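Participant: Pasting a structure below so you can have a look.
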Protein chains: 2
Amino acid sequence: MCGGVTRGAPYRHFPDKDSLLAAVATEALDRIAEQARAVRAEPRASPADKLHRALAVLMTVGRRQPHLYRLIYATPAGDPAAIHAASEAAEHAQDEFFAIVGDLVGAQHARRFAALLLTSAHGITDMEVNGHLSADKWRLTAEDLVSTLVSMIERQASGE
Amino acid sequence: MCGGVTRGAPYRHFPDKDSLLAAVATEALDRIAEQARAVRAEPRASPADKLHRALAVLMTVGRRQPHLYRLIYATPAGDPAAIHAASEAAEHAQDEFFAIVGDLVGAQHARRFAALLLTSAHGITDMEVNGHLSADKWRLTAEDLVSTLVSMIERQASGE
DNA sequence: GACCTTCAGATGACATTGTCATCTTAGCGA
DNA sequence: TCGCTAAGATGACAATGTCATCTGAAGGTC
């Protein structure tokens with residue numbers, strides 16, 4: 001059971017396992033950035049709606065490909081080139097979210113709120129995926145939490 | 001290099017590696033709950049201050065014992081008893097935070113905001129620990145983000 | 001004190017897995 | 001046709017999770 005090839009075959013293409021996984025993460029991040037860009041480009045969606053959809057992209061990865069999701073958010077490892085590529089891809093993806101948040105809250109608040117949204121959405125997704133967000137105890141879904149946060153940020157950004 | 005004992009010795013006490021790690025996580029969660037309880041019991045600290053300190057407990061674990069931190073937030077594994085114990089401990093720790101948040105925002109908002117704070121604080125810490133919160137790009141510390149969120153929640157809870 | 005039980009650690013074995021040196025071979029250009 | 005090259009196969013080795021078995025120390029019984 002080696003996916004059709006031998007255990008050692010990948011070492012022809014990657015210096016070690018971590019670098020291979022970093023490459024997988026890089027590709028995933030590129031896809032996420034691409035999807036976020038597509039969301040941002042939608043003509044007939046409100047900025048808030050776009051933000052929700054973009055965050056939903058992340059949460060969907062967490063739910064449907066939890067291993068990939070953990071890979072994306074793990075400390076990048078492997079050879080420096082692989083690490084660098086992964087960090088680049090992560091930054092590009094973050095830039096897309098940053099832009100979407102900026103469209104919603106304006107440039108002055110974008111940095112702070114984009115960072116808060118990205119980190120919070122990750123925490124929410126991660127805890128849900130790992131079973132630390134007991135539906136029984138909290139009676140809140142990941143979407144509830146994201147909505148709460150987005151609404152608060154909208155109010156905050158427009159109110160003052 | 002086996003910490004003074006042989007590789008197989010722990011199997012006298014735990015059915016498998018995951019169960020041992022779950023027990024380690026359980027103890028850590030108990031300590032965290034204990035610290036949170038102590039913070040809550042401080043007589044001369046404001047509710048907001050207590051919340052900040054309680055969240056700082058979590059962030060400190062992330063920074064000083066990143067492996068332990070990941071263990072705590074990983075999907076619990078091992079034999080059912082170990083998993084159950086870890087889940088219990090996690091719930092107790094969450095209960096302490098829940099109470100502290102309740103002291104700050106009142107009972108009606110406690111559930112929602114406590115869940116948001118716990119998940120967000122985890123996301124912030126996790127991304128910082130794993131190097132996904134580029135200080136260079138965002139120019140924000142984990143503390144900045146937590147403060148932003150706590151302030152927003154305070155305003156939200158008192159304002160309406 | 002001799003004897004026995006028990007439990008924790010040691011030992012040695014086995015399977016899995018990350019890694020690598022070496023071998024093989026399909027494909028391709030000279 | 002010859003020979004190079006790149007990619008996979010093979011076989012080896014080390015680390016590690018796991019377990020069956022052995023050993024020895026501690027304590028209880030007669």
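Participant: Can you run down the residue pairs with Cβ atoms below 7 Å, 6 or more apart or on separate chains, where the first is in region A:126-137 and in contact (Cβ under 8 Å) with a residue 24 or more places away in the chain and the partner is open to solvent by 60 Å² or more (accessible area, probe 1.4 Å)?
Facilitator: These pairs meet every condition: A:129/A:63.
Participant: Considering region A:74-93 alone, what residues qualify as being at the interface with chain B (Cβ under 9 Å from one of its Cβ atoms) and either open to solvent by less than 20 Å² (accessible area, probe 1.4 Å) or not charged (D, E, K, R) (or both)? Let's see the steps before the verdict.
Facilitator: Of the residues in region A:74-93, the ones at the interface with chain B (Cβ under 9 Å from one of its Cβ atoms) are A:74-76, A:87, A:90-91.
Hits for region A:74-93 are A:74, A:75, A:76, A:87, A:90.
Participant: As an exercise: evaluate residue B:156 against (1) open to solvent by less than 10 Å² (accessible area, probe 1.4 Å); (2) modelled with pLDDT under 95 and give the number of the one condition it does not meet.
Facilitator: All conditions pass for residue B:156, except number (1).
Participant: Does residue A:71 satisfy the criteria of being open to solvent by 20 Å² or more (accessible area, probe 1.4 Å), under 13 Å from the mean Cα position of the chain (by Cα), of a type outside the set (Asp, Glu) and more than 10 Å from every other protein chain (Cβ to nearest Cβ)?
Facilitator: Details: open to solvent by 20 Å² or more (accessible area, probe 1.4 Å): yes; under 13 Å from the mean Cα position of the chain (by Cα): yes; of a type outside the set (Asp, Glu): yes; more than 10 Å from every other protein chain (Cβ to nearest Cβ): yes.
Against the criterion (open to solvent by 20 Å² or more (accessible area, probe 1.4 Å), under 13 Å from the mean Cα position of the chain (by Cα), of a type outside the set (Asp, Glu) and more than 10 Å from every other protein chain (Cβ to nearest Cβ)), residue A:71 qualifies.
Participant: Same structure again: For the structure I just gave you, tell me whether residue B:95 is away from DNA strand D (no atom under 16 Å from the Cβ), among the acidic types (Asp, Glu) and under 12 Å from the mean Cα position of the chain (by Cα). Can you show your working first?
Facilitator: Numbers: away from DNA strand D (no atom under 16 Å from the Cβ): yes; among the acidic types (Asp, Glu): yes; under 12 Å from the mean Cα position of the chain (by Cα): yes.
Yes, satisfied.
Participant: Something else about it: Within region A:54-65, does at least one residue satisfy the condition of being outside any helix (DSSP H, G or I) and charged (D, E, K, R)? It would help to see each step written out before you state the result.
Facilitator: Initially, region A:54-65 is screened for residues outside any helix (DSSP H, G or I), giving A:65.
Then keep just the ones that are charged (D, E, K, R); that gives none.
Scanning region A:54-65 turns up no residue that is outside any helix (DSSP H, G or I) and charged (D, E, K, R).
Participant: Continuing with this model, one more query. Taking region B:134-148, which residues are within 7 Å of chain A (Cβ to nearest Cβ) and within 18 Å of residue B:60 (Cα to Cα)?
Facilitator: B:140, B:145
Participant: Could you list, in sequence order, all residues of region A:94-108 that are within 10 Å of another protein chain (Cβ to nearest Cβ) and under 23 Å from residue B:121 (Cβ atoms)? Write out each step before concluding.
Facilitator: Just the residues of region A:94-108 that are within 10 Å of another protein chain (Cβ to nearest Cβ), to begin with: A:94-95, A:98.
Residues satisfying the conditions are A:94, A:98.
The values are calculated or read from the model by the stated rules, or taken from the named source; none is laboratory data. Please read all numbers here as calculations on a predicted model, not as lab measurements. A quick note on method: Cβ atoms are made from the backbone with ideal geometry, for glycine too, and the neighbour counts reach across all protein chains shown. Heads up: the accessible areas ignore ligands, DNA and RNA and are worked out on the full protein's heavy atoms, side chains in. Shrake-Rupley method; radii C 1.70, N 1.55, O 1.52, S 1.80 Å.
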